[in-house]
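These notes are about the structure you will find just below.
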Amino acid sequence: MKIINSTINDLESIQILYNKAITYQKNKKGLPWPIIDKDLIEQEILENRQWKLIIDADIACIWMTTFSDPDIWLEKNEAPSMYIHRIAMNPKFRGKNLLSNVFDWAKSFAVQNQKKLLRLDIASINPGLITLYVKNGFKFIDIHEIGISENLPSHYHNASVCLLEMKI
């Protein structure tokens, strides 16, 4: 198992995993992500913010990181934090507790970048997902309503957003 940056060669695989995640979200009656724009993924790859967990030759999980998220975290964004977005698990690897590996890596990566908090959000009230993240060391912080933001994908518009963080 290894965690490395995604590459342009992974673009098609990343799109497939995001599309599978969207289908999963719909089947779970959650608030699904919109189709993730190929150009956005490509930009994140070029900025070294798109990651993958590899097991054998398979991409088991993907996610995106950033060190600033003011449109969601507002004034809390000032704290030295790393944010994780769009975690998508390959269905072949669901239920194998790989998120703990992702979060262990994320804590280490955040510390290397002088961050004190690891943060994520859920763009809906999803008790199962909140419980999963809390079991992995996150603390539920708040729920707040987001209006319309030109900087956020459509699934955040007028959504109740659950904020979670972990001190590292």
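Computed FRET efficiency, Cβ-Cβ of ASP142 and ASP37, R0 22 Å: what is it to the nearest 0.05?
Details: r = 28 Å, r/R0 = 1.29.
About 0.20, to the nearest 0.05.
In segment 15-73, which chymotrypsin sites (Phe, Trp or Tyr not before Pro) fall in coil by DSSP and have 15 or fewer other Cβ atoms within 10 Å?
Values: sites: TYR18, TYR24, TRP51, TRP63, PHE67, TRP73; in loops: PHE67.
Loop-located and lightly packed - PHE67.
Considering only DSSP beta bridges where both residues belong to segment 31-125, give the percentage that are antiparallel (nearest 5).
For segment 31-125, the DSSP antiparallel bridge percentage is about 75.
Whole-Hz Karplus ³J(HN,Hα) for segment 114-129, in order, using 6.51 cos²θ - 1.76 cosθ + 1.60 and θ = phi - 60°, x for Gly and Pro?
Ordered by residue, 3J(HN,Hα) equals 6, 9, 10, 9, 10, 10, 8, 9, 10, 7, 5, 8, 10, x, x, 5 Hz.
Could you give the semi-axes, largest first, of the ellipsoid that matches segment 44-132, computed as the square roots of 5 times the alpha carbon gyration tensor eigenvalues and rounded to whole Å? Intermediate values should be presented prior to the final figure.
On the way: eigenvalues 101, 55, 29 Å².
In descending order, the three semi-axes are 22, 17, 12 Å.
Could you size up the charge dipole of the chain around its Cα centre, putting +1 on the beta carbon of Lys and Arg and -1 on that of Asp and Glu, and report it in debye to the nearest 20?
Values: 20 positive and 19 negative charges, 176 e Å.
The dipole magnitude comes to about 840 debye.
ASN90's amide H: which non-local residues (gap 5+, or another chain) put their own amide H closer than 5 Å, with H modeled 1.01 Å from N in plane and none for Pro or chain starts?
Residues meeting the amide H criterion: CYS61, ILE62.
With a cut-off of at most 14 other beta carbons within 10 Å, and DSSP calling the residue loop, which trypsin sites (Lys or Arg not before Pro) in segment 1-106 qualify? Please list them.
Values: sites: LYS2, LYS20, LYS26, LYS28, LYS29, LYS38, ARG49, LYS52, LYS76, ARG86, LYS92, ARG94, LYS96; in loops: LYS28, LYS29, ARG49, ARG94, LYS96.
Here the sparse-neighbourhood loop sites are LYS28, LYS29, ARG94, LYS96.
When the accessible area of segment 58-168 is split by element with a 1.4 Å probe, what percent falls to carbon and sulfur?
Details: 2760 of 5370 Å².
That fraction is 51 percent.
Could you give me the ³J(HN,Hα) list for segment 69-84, computed from phi with Karplus coefficients 6.51, -1.76, 1.60 and θ = phi - 60°, whole Hz, x at Gly and Pro?
8, x, 6, 9, 8, 6, 5, 5, 4, 5, 5, x, 9, 10, 10, 10
May I ask you to derive the relative contact order of the chain, considering only C-alpha pairs under 8 Å and at least 6 residues apart, and to give it as an integer percent?
Working: 261 pairs, mean separation 33.5, N = 168.
Relative contact order, the chain: 20 percent.
Quick one: of LYS26/LYS139; LYS139/LYS167; LYS20/LYS92; LYS52/LYS107; LYS2/LYS167; LYS29/LYS92, which pairs are farther than 18 Å apart, Cα to Cα? All intermediate terms of the calculation are to be shown ahead of the outcome.
Numbers: LYS26/LYS139 26 Å; LYS139/LYS167 9 Å; LYS20/LYS92 11 Å; LYS52/LYS107 15 Å; LYS2/LYS167 24 Å; LYS29/LYS92 21 Å.
Exceeds cut-off: LYS26/LYS139; LYS2/LYS167; LYS29/LYS92.
Taking θ as phi - 60°, what are the ³J(HN,Hα) couplings along segment 33-49 by the Karplus curve (6.51, -1.76, 1.60), each to the nearest whole Hz, with x for Gly and Pro?
Each residue of segment 33-49 in turn: 5, x, 4, 7, 4, 4, 5, 5, 4, 4, 4, 5, 5, 4, 8, 6, 10 Hz.
In Å³ and rounded to a whole number, note down the convex hull volume per residue for the Cα atoms of segment 1-62.
Roughly 84 Å³ of hull volume per residue.
The values are calculated or read from the model by the stated rules, or taken from the named source; none is laboratory data. Keep in mind that this is a model prediction, so the values were computed, not measured. So basically every Cβ, Gly included, is an ideal-geometry build from the backbone, and we count neighbours across all protein chains shown. Note: areas computed on protein heavy atoms with side chains; ligands, DNA, RNA excluded. Shrake-Rupley method; radii C 1.70, N 1.55, O 1.52, S 1.80 Å.
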